[in-house]
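Derivation of every value follows stated rules applied to the coordinates shown; laboratory data play no part. Keep in mind that this is a model prediction, so the values were computed, not measured. Every residue, glycine among them, receives a Cβ derived from its backbone with ideal geometry; neighbour counts consider all protein chains shown.
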């Protein structure tokens, strides 16, 4: 005859645990299911991993609260998305409100852990927990002791020994457990194996009054290169019965589930003379008489548990009332979860299905546009124990729109205005530059000062929302003005200094734009500028106190042209005439003065001087100095050298050497 043993089994694959309730439920320790959304009552660990004498050794050097990206909490609301390697939900899909991830994909010989200590109630000689887990491992092909892994350790702290039937190590290469899949998105050349969420039962029978520790550990490759991590969730209820062992009096059939995680199941009648089934689930139709006992022989996967024979008695005493949960408020279609966590063996249906993410879930997420009454219809899987309950989700719709009636930018005295308006709401508070405006609580607000305006809108349901911000710019028209140091200058070395004298009463800072009339545009307050050509130019300065408020001032400046001496002389011989040719350009705007010096003691003030005759040979310097009445300084002087020689016998002609010099 088979002896009854402790059922352990934590069929893992590097992941975590999900909640999956039973029927007659013992009280579970607080937050063992993570449903508070935090790690309270759990201890978090970090450390490192190494391989010592072909044994994987995890050493923790920190114990306390969660560490970012190594102990990660997920929520059913918002979901957290999908695992990038396996594509499965990171939050347990069985209706659990929260799940955790232990570890990450950064490698580096990191190790992480979480543990929970609790005491089984006195007299609770039948005590079971259910988990769901999922794991992701890189497979570097290393030796077993060097690979990324998940370790599960269940300890009897009272007596100081591990519960070996429930304590395992899981790694990608070498595990006999089914369900591992090769990731289509490994992110590199190293294969990645994953196992999706899988339920696991752990049997803690005959341990009443004992203190138990659940310890989950993950570790990377011991060579710093490859990672491993897991997802975990724990059941919200601790069962002392098989799922389905209690059924409704009006059920059409009974469906009993043996503990999760074994390789084979064989169901028997109490005398082991009849095989009733060979799956984890046993279905009996019609339901047997209350008090019927069944047995199941469970065979574990090699190295992952203990052979066991388990018994349960079937009773038709199950009752359950639908629980739609407390009424909720949804602000702007915010996610609100209705209902309560699911119980295995029950069917759920919500009506209407409008704005529900799953009308067949025990606790769906609702996002209604308007206040809605949702009715929950519940029945046992056998069809009995039908009941209903109603929850009201009150919906409030607020908008962040901020409209401007009038103009956001205007000038004082223009007749314009800025009236701000929000969409309909129950109350409002207006803000200027992030500070609440006392008494500004109407849906419209007239802005009379420059600033950044926004509003906070409220509903009577407690919802609130900040609107968008808008900049209002109210300015006076500036008074433009500027001076120029010398409005009339000569072209050579011209340099005009324009000094800004503009003022403004309201608004600013002022912005300036200079237009010099010759194509140049400047944006400084004052301007120093040299024109590139002579002429008369209108210089305009435009001053803005805002994009809508501007005025301008202008003045005229004159740049007189300078004259530049230029002449030529013809080639000549001794005692022959030298004729200077004046090429100086006369702009025609003022009188030009000329002064010739021929180098022979003769001078002239004529534009076209008389010819000169040099009687003696030698080098002569001829110069021309010019100036105008508008620009008498500086003088423009040009000099040329002429060399005169005596005639030489045998040469018919003689040319003069001209050496021009420009000053």
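Remark: C-alpha extents of region 98-143 on the principal axes read 48, 24, 17 Å, sorted largest to smallest.
Comparing Cα centroids, region 180-216 and region 317-336 end up 31 angstrom apart.
In terms of the Cα gyration tensor, with a ≥ b ≥ c the square roots of its eigenvalues, is region 446-574 rounded because a/c is under 1.5, prolate because a/b exceeds b/c, or oblate?
Working: a/c = 6.67, a/b = 3.70, b/c = 1.81.
The shape class here is prolate.
Does region 72-113 classify as rounded, prolate or oblate by the C-alpha gyration tensor (a ≥ b ≥ c root eigenvalues; a/c under 1.5 gives rounded; else a/b over b/c gives prolate, otherwise oblate)?
It is prolate, given that a/c is not under 1.5 and a/b is the larger ratio.
For the chain, the relative contact order works out to 10 percent when only alpha carbon pairs closer than 8 Å and six or more residues apart are counted.
At 0.36 nm per residue, and after removing the present C-alpha to C-alpha distance, how many nm does the segment from residue 503 to residue 605 gain when stretched out fully? The partial results should precede the final answer.
Values: separation 102, 0.36 × 102 = 36.72 nm, distance 5.43 nm.
Here the segment from residue 503 to residue 605 would lengthen by 31.3 nm.
In terms of the mean number of neighbouring beta-carbon atoms within 10 Å, the peptides 93-102, 318-327 order highest first as 93-102, 318-327.
Provide the packing ranking of 58-65, 287-294, i.e. peptides ordered by the mean count of other C-beta atoms within 10 Å per residue, highest first. It would help to have the intermediate numbers written out before the result.
On the way: 58-65: 12.4, 287-294: 14.6.
Ranked by mean Cβ neighbours within 10 Å, highest first: 287-294, 58-65.
For the pair residue 643 and residue 311 in one chain, pulling the backbone fully straight at 0.36 nm per residue adds 105.8 nm over the alpha carbon distance. Extending 7 Å from Cα along the Cβ direction at residue 69 and again at residue 109 yields two label points whose distance is 1.9 nm.
Using 0.36 nm times the number of residues separating residue 538 and residue 621, minus their current alpha carbon distance, what extension gain do you get? Don't skip to the end; give the middle numbers.
Details: separation 83, 0.36 × 83 = 29.88 nm, distance 4.49 nm.
Difference between extended and current length: 25.4 nm.
Here the ratio of the Cα radius of gyration of region 380-525 to 2.2 N^0.38 Å is 1.94. Per residue, the average separation of C-alpha pairs within less than 8 Å and at least 6 apart gives region 56-205 a relative contact order of 25 percent. Per the Debye formula on identical point scatterers at the alpha carbon atoms of the chain, with no solvent, log10 I(q)/I(0) at q = 0.06, 0.10 Å⁻¹ is -0.61, -1.01. The value of relative contact order for region 367-513, using C-alpha pairs under 8 Å at least six residues apart, is 18 percent.
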